[in-house]
Amino acid sequence: MRHHMYNPDFPFVVKPESFDKYTDRELLQYCLGAAMYMPGYKDFAPKILSNAMPGLTTIVLCFEDACPEEKLPEAMENVHNLLDTVTSAVDEGRLDPDKVPLIFVRIRNLDQFKAFGNKLTKHQVRSLCGVNFPKFNAENGYEYYAYLKDLNERFGEILYGMPIIEDPEVAYRESRMSELMGIKKILDKYHDLVLQVRVGGTDFSSVFGVRRGVDYSIYDIMTVRECLADIVNVCGRNNDYVISGPVWEYFRAPKEMMFEELPRHGLEDYLMKRIPIVNNEIDGLLREVILDKANGFVGRTVIHPTHVKFVNALMAVTREEYEDAGQILGAGGGVVKGQGGNKMNEIRPHTNWAKKILNRAKAFGVIENEGAYVKLFAVNE
């Protein structure tokens with residue numbers, strides 16, 4: 001799998017690298033990008049086999065919010081069948097292994113996780129990258145990861161876990177920090193099985209009875225912003241864990257977008273000054289992803305296929321960022337002028353930033369400048 005395959009002729013400065021579930025974790029954790037959720041009972045296998053969505057690199061088959069309880073048995077059977085189908089198609093040469101997205105399941109609770117896991121086979125696990133743990137907290141987290149570790153040992157394979165921090169105990173200020181520190185202890189114990197930390201902006205919002213409008217970002221909702229800030233504070237220190245952004249709820253999907261009318265440069269300038277680019281729904285998403293990057297988030301959850309290429313395009317690294325990062329990691333210390341001649345690169349304080357940039361560059365590629373973001377996503381699939 002490789003990012004931006006919906007635009008295969010794009011002239012990267014440095015092309016993104018290919019990856020799969022067996023890619024080294026230190027890089028793979030940066031590769032997920034836009035992780036699209038869909039109901040576990042939906043048969044997505046035909047789309048995978050036909051490469052119907054070349055830009056989609058990460059899918060999450062949901063047994064929780066997107067799946068009514070009465071459909072749970074059907075959903076679990078469907079996912080087992082999908083994993084069998086994908087693995088068999090690769091073995092038989094009907095599916096290029098480089099076209100297989102990272103596949104995750106979002107379980108409902110521990111009992112359902114065990115019911116699903118007990119019926120897994122080694123054949124199926126080869127196409128399964130990991131498990132998302134909803135409403136992950138300091139009480140249920142140990143059991144989730146203990147059973148995940150058991151599955152890894154049973155199959156001699158790698159299955160990653162991704163906690164979703166969205167519990168009310170984190171939303172409430174008086175319990176948040178002790179809860180987060182408890183979560184961090186679990187993650188540290190199972191560090192090598194943690195691929196990303198995910199956050200639930202919608203769940204946090206629901207605790208306070210608020211919902212961001214299409215003209216606002218999640219960072220404008222003060223109570224939610226505080227939750228996200230503390231999650232980054234605890235889990236994002238020294239790049240300990242990659243943290244992905246929350247879902248954007250709005251979409252409008254015209255059959256074709258008039259991309260030739262988009263700005264040739266100054267994408268962030270347009271967005272932050274609220275000069276219209278695509279439409280309110282996509283502009284809001286782009287604006288929020290820019291703020292994600294500013295705050296250290298990498299990738300995000302998406303619920304609509306039209307969002308995938310916008311999120312992944314903005315994860316690409318500009319040449320100036322790439323050269324600054326290389327300069328910082330190649331120097332022994334001190335302060336040097338940045339590659340663009342427009343900033344100070346202070347070697348030691350900027351080292352963690354530089355490491356993150358170079359990993360993002362491997363995952364999403366390097367583009368010439370900010371104007372190239374538009375050229376990267378502005379294609380009608």
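The values are calculated or read from the model by the stated rules, or taken from the named source; none is laboratory data. What you are looking at is a predicted structure, and each value in this text was computed from that prediction instead of being measured. Positions of Cβ are backbone-derived with ideal geometry, glycine not excepted, and every protein chain shown enters the neighbour counts.
Here V298 qualifies as under 27 Å from M38 (Cβ atoms), touching a residue at least 60 places away in the same chain (Cβ under 8 Å), β-branched (V, I, T) and out of contact with any strand residue (DSSP E or B) (no Cβ under 6 Å at 6 or more places or on another chain).
May I ask you to say which residue of K356, K362 is in a helix (DSSP H, G or I) and in contact with a Pro (Cβ under 9 Å, 6 or more places away or on another chain)?
Values: K356 fails: in contact with a Pro (Cβ under 9 Å, 6 or more places away or on another chain).
Within the list K356, K362, the selection yields K362.
Of all the listed residues (N380, N345, N369), the sole one being over 27 Å from L228 (Cβ atoms), in contact with an Asp or Glu (Cβ under 9 Å, 6 or more places away or on another chain) and not in a loop (DSSP other than H, G, I, E, B) is N345.
For region 163-173, the count of residues that are in contact (Cβ under 8 Å) with a residue 40 or more places away in the chain and either under 19 Å from the mean Cα position of the chain (by Cα) or within 18 Å of L110 (Cβ to Cβ) (or both) is at least one. Sub-6 Å Cβ pairs linking a first residue in region 181-196 that is closer than 21 Å to E157 by Cβ to a second residue that is of a type in the set (F, W, Y) and at pLDDT 95 or above, at least 6 apart or interchain, are Y190/Y145; L193/Y160; L195/Y160, ordered by first then second residue.
Close Cβ contacts (under 6 Å, 6 or more residues apart or on different chains) running from residues in region 34-59 that are in a loop (DSSP other than H, G, I, E, B) to residues that are crowded, with 20+ Cβ neighbours inside 10 Å and aromatic (F, W, Y) comprise G40/F63.
The criterion of being in a loop (DSSP other than H, G, I, E, B), surrounded by fewer than 22 Cβ atoms within 10 Å (Cβ to Cβ), on the phi < 0 side of the Ramachandran plot and among the charged types (D, E, K, R) holds for D20.
Test L61 against the criterion of being aliphatic (A, V, I, L, M) and closer than 20 Å to P305 by Cβ, and give yes or no. Before the answer, list the steps.
Working: aliphatic (A, V, I, L, M): yes; closer than 20 Å to P305 by Cβ: yes.
In short, yes.
Please enumerate the residues belonging to region 43-64 that are farther than 18 Å from S18 by Cβ and out of contact with any strand residue (DSSP E or B) (no Cβ under 8 Å at 6 or more places or on another chain). First the steps, then the outcome.
Filtering region 43-64 down to residues farther than 18 Å from S18 by Cβ leaves 43-47, 49-50, 52, 60-64.
If the condition is that a residue be farther than 18 Å from S18 by Cβ and out of contact with any strand residue (DSSP E or B) (no Cβ under 8 Å at 6 or more places or on another chain), then D43, A45, P46, K47, L49, S50, A52 are the ones that fit.
Cβ-Cβ distances below 6 Å connect the following pairs, each with a first residue in region 270-287 that is modelled with pLDDT under 75, a second residue that is β-branched (V, I, T), and a separation of six or more residues or different chains: Y270/I277.
Residues in region 131-151 that are within 22 Å of the chain's Cα centre (by Cα) and either among the aromatic types (F, W, Y) or not in a helix (DSSP H, G or I) (or both): 9 in all.
For the condition part of a loop (DSSP other than H, G, I, E, B), within 22 Å of the chain's Cα centre (by Cα), surrounded by 14 or more Cβ atoms within 10 Å (Cβ to Cβ) and in contact (Cβ under 8 Å) with a residue 40 or more places away in the chain, what is the one hit in L83, L128? Selected residue: L128, the only one of L83, L128 that is part of a loop (DSSP other than H, G, I, E, B), within 22 Å of the chain's Cα centre (by Cα), surrounded by 14 or more Cβ atoms within 10 Å (Cβ to Cβ) and in contact (Cβ under 8 Å) with a residue 40 or more places away in the chain. Since L27 meets every condition but one in (1) part of a helix (DSSP H, G or I); (2) closer than 19 Å to F113 by Cβ; (3) of a type outside the set (S, T, Y), which condition does it not meet? Single failed check for L27: (2).
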